[in-house]
Amino acid sequence: MSKRTQRNFEIENPEEFKQKLFAWSKQFETALWLDSNNYEQKYASFDCCLAADEFTSIKTDYHGAFDKLKEYQSYTKDYLFGYISYDVKNDVERLSSNNFDGLHFPDLYFFQPQKVIFIKGNIVEFHYLQMIDDELEEDFEEIIEAIPSYNEVAKNNLPEENNLKIKLRIHKDEYHQKVTKVLEHIHRGDIYEANFCQEFYVENTTINPYEVYTHLNAISEPPFATFFKHENLHLLSATPERYLKKEGTKIISQPIKGTAKRFINKIEDDKIAFDLARDEKERSENIMIVDLVRNDLSKTAKKGSVQVEELCKVYSFKQVHQMISTVTSEVETTTHPVDVIKDTFPMGSMTGAPKISAMKIIEELEETKRGLYSGTVGYFTPNGDFDFNVVIRSILYNPDEEYVSYSVGGAITAKSTPEKEYEECLLKAKAMKYVLLNN
């Protein structure tokens, strides 16, 4: 177990310090930035966090991925930050993925950062490995001197339209045909629900990932925003969804199912949120996934401890209203944290019900490997707690391949119509498309 030195500093302007910290993070080859955007939420642990400078790491394809992660987490018992891509499902079930992949991210990657910095209110916590703790004071001074990233973007890069050509992997007519096939499976009784996704992509292009992320986050301000960089790989995420959190022996899952657009007019906006809360199709989508999550959590839960804390509650974000449920359970103190993740992965909100049948069907119908999209990014603490998001509303970028990608999906149920599902996809894709075309 690696020892860490913790030092706390009081700051006058947390928002300005946050922007400076993000700008300062650009120097690192490996960095993971998590920002709650001060969104009011019950289970928040910090306002924002930066993990940087890889000390040790694990990088693997899906074969035995969870066992390798379990061994790594058990051995280090330290802060670990990283991601599990959707294709690690192939380690949990007898599944495979042969679809096109233009991004080439490893299936699983976690690193033990030398430097972890949390902002909590007007306190900044530095958690540095002891071997480099002499850099701590110096780094704090350096961050104070940094130029805030939003100023850089505002002064030098006022968004302007560019000539990026965004292509669709599945065109509208083909999307309609594929959704119709999902509906046939539902009517035949193979599944109740499937989350079917499609990719939008740009080839032969370069973007400034820091600017694109800053712009995306500014127009979305979600509670689980993420900027991840490792060597040549980038994730720019404005996800509103938590996948799974562990606080002591309590496990929290918060699936999202149900989306409606925001209106500028308050009366119209309140009405659409009210309608979403009572929409029979959206509620049934959400409740099916809640049942699936309850089942997944019960695999590691103490008997009788799985509870639905909140069912189909509508939360409002800058771009959309979302219907969110909160399901919790209690585990034994002896339960390994990685086992809790393994037994619930991949998350029900991105697969369908029953889970394995849904995953097989969507694998056949989708045109691309999901990779990190609809996987998860998060961290473990030294005492074995964790918090992971769902990678949606995200742009993935590999500059070596000159390839930019974002995917969107929707839950198909018996009440779905291909046209409405297609419209919902375009609504979810709106923010990513806008920032790519205006940076």
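A straight Cα-to-Cα reach below 23 Å connects K303 with the lysines K245, K246, K250, K342, K355, residues fewer than 8 places away in its own chain not being considered. In segment 367-435, inverting the average of 1/r over every pair of distinct C-alpha atoms gives 14.4 Å as the Kirkwood radius. Largest first, the extents of the alpha carbon coordinates of segment 33-76 on the three principal axes equal 38, 24, 19 Å. Counting only protein heavy atoms and using a 1.4 Å probe, the accessible area of D134 comes to about 120 Å². Non-local lysine pairs in segment 37-135, meaning eight or more places apart or on different chains, with alpha-carbon distances under 22 Å, amount to 10. Taking the centroid of alpha carbons for each part, segment 168-195 and segment 266-285 are 24 Å apart. Measuring from centroid to centroid over Cα atoms, what is the spacing of segment 417-439 and segment 391-416 in Å? Segment 417-439 and segment 391-416 have Cα centres spaced 10 Å from each other. Hydrodynamic analysis of segment 1-115 uses the Kirkwood radius over alpha carbon pairs. Inserted into Stokes-Einstein at 20 °C and 1.002 mPa s, it gives a translational diffusion coefficient of 129 µm²/s.
Assuming charge only on the beta carbon of Lys and Arg (+1) and of Asp and Glu (-1), the dipole of segment 346-439 about its Cα centre is about 300 debye to the nearest 20.
For segment 12-63, the normalised intensity computed at q = 0.15 Å⁻¹ comes to -0.57 (log10 of I(q)/I(0), Debye sum over alpha carbons, equal scatterers, no solvent). Taking the square roots of five times each eigenvalue of the Cα gyration tensor of segment 189-231, the equivalent ellipsoid has semi-axes of 29, 17, 11 Å, listed largest first. Taking every alpha-carbon pair within the chain, the share separated by more than 43 Å comes to 8 percent.
Ranked by solvent-accessible area (1.4 Å probe, protein heavy atoms only, all chains present), the residues H171, H176, H127 order from largest to smallest as H171, H176, H127.
Considering helices alone, the calculated mean residue ellipticity of the chain at 222 nm is -10000 deg cm²/dmol, with DSSP H runs of length four and up weighted by -39500 (n - 2.57) and normalised per residue. Relative contact order of the chain, taken over Cα pairs closer than 8 Å and 6 or more residues apart, is 24 percent. With a 1.4 Å probe rolled over the protein heavy atoms of all chains, the accessible area of R278, R294, R169 falls in the order R278, R294, R169, largest first. Taking the accessible area of segment 383-439, probe 1.4 Å, and keeping the other protein chains in place, the carbon and sulfur fraction comes to 49%. Semi-axes of the equivalent ellipsoid for segment 301-379, computed as √(5λ) from the eigenvalues of its C-alpha gyration tensor and ordered from largest down, come to 25, 20, 14 Å. Heavy-atom accessible area for I123, with the other protein chains in place and a 1.4 Å probe, reaches approximately 60 Å².
The values are calculated or read from the model by the stated rules, or taken from the named source; none is laboratory data. Bear in mind that the values here come from a model prediction, so they are computed numbers and not experimental data. Every residue, glycine among them, receives a Cβ derived from its backbone with ideal geometry; neighbour counts consider all protein chains shown. Keep in mind that these areas ignore ligands, DNA and RNA; they rest on the heavy atoms of the full protein, side chains included. Shrake-Rupley method; radii C 1.70, N 1.55, O 1.52, S 1.80 Å.
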